[in-house]
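First up is the structure itself, then whatever we jot down about it.
The values are calculated or read from the model by the stated rules, or taken from the named source; none is laboratory data. Every value quoted in this text rests on a predicted model; they were computed, and no experiment measured them. Neighbour counts run over all protein chains shown; Cβ positions are idealised from the backbone, glycine included.
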Amino acid sequence: MIMEETENKFGAGFIVFKKSTLDSEKPLMLALVQHDGVYDIPKGRTDKGESSLETAKRECFEECSIIMRDEDIIYSEDSPFVNGLLTTFCGVTSQEPMVTKNPHSGILEHAGFEWVDEESFCGNCLSYLSLPVRHFYYTHAKVYNGSK
């Protein structure tokens with residue numbers, strides 16, 4: 001029996017903050033809304049030969065039409081955030097998202113989007129996304145409160 005090469009399970013994505021709210025105590029983040037109403041972030045599997053950052057940028061564009069430029073990425077001492085197989089970056093945008101069909105499968109993966117705060121997102125998200133979201137909000141709070 002010949003063993004097939006296993007599919008890459010590593011992935012990457014973005015926590016995207018809305019630029020106009022970044023200087024507030026509770027900035028809003030982009031929540032992609034799945035068809036069942038559960039919140040998600042722009043993310044996906046890493047293609048062969050692609051870096052985590054390239055994956056995150058590609059998925060952000062494919063899933064919500066946001067072009068994440070290098071200068072839009074928020075780096076900190078703990079960035080990117082790696083949790084299991086998912087590498088999460090943090091970015092900021094003033095672009096308006098537009099949910100589109102997956103260019104490869106033709107499937108509309110999300111029903112829409114909302115700008116939400118940390119508690120709203122974490123109370124209604126895919127369970128494994130709470131940790132990176134809380135991480136980036138904690139990092140933001142340190143900067144916002146002048147602790148860093």
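Just a few scattered comments:
- Per the listing Lys57, Lys26, the residue uniquely among the charged types (D, E, K, R), closer than 19 Å to Tyr137 by Cα and either touching a residue at least 12 places away in the same chain (Cβ under 8 Å) or part of a helix (DSSP H, G or I) (or both) is Lys26.
- Residue check, Ile107 surrounded by fewer than 19 Cβ atoms within 10 Å (Cβ to Cβ), at pLDDT 95 or above and more than 20 Å from Ser24 (Cα to Cα): no
- Restricting region 30-51 to residues that are among the aliphatic types (A, V, I, L, M) and part of a loop (DSSP other than H, G, I, E, B), the residue that is surrounded by the most Cβ atoms within 10 Å (Cβ to Cβ) is Ile41.
- Qualifying residue in region 118-131 (condition: surrounded by 12 or more Cβ atoms within 10 Å (Cβ to Cβ), under 13 Å from the mean Cα position of the chain (by Cα), assigned to a strand (DSSP E or B) and of a type in the set (Gly, Ala, Ser)): no
- Scope region 77-109; condition part of a strand (DSSP E or B) and closer than 20 Å to Ser51 by Cβ; matching residues: Phe81, Val82, Asn83, Leu86, Thr87, Thr88, Phe89, Cys90, Gly91
- Matching entry among Leu131, Leu108, Leu85 (being among the aliphatic types (A, V, I, L, M) and touching a Ser or Thr at 6+ places or on another chain (Cβ under 8 Å)): Leu108
- Whichever residue in region 65-104 is at pLDDT 90 or above and of a type in the set (Phe, Trp, Tyr) and, among such residues, is surrounded by the most Cβ atoms within 10 Å (Cβ to Cβ): Phe89
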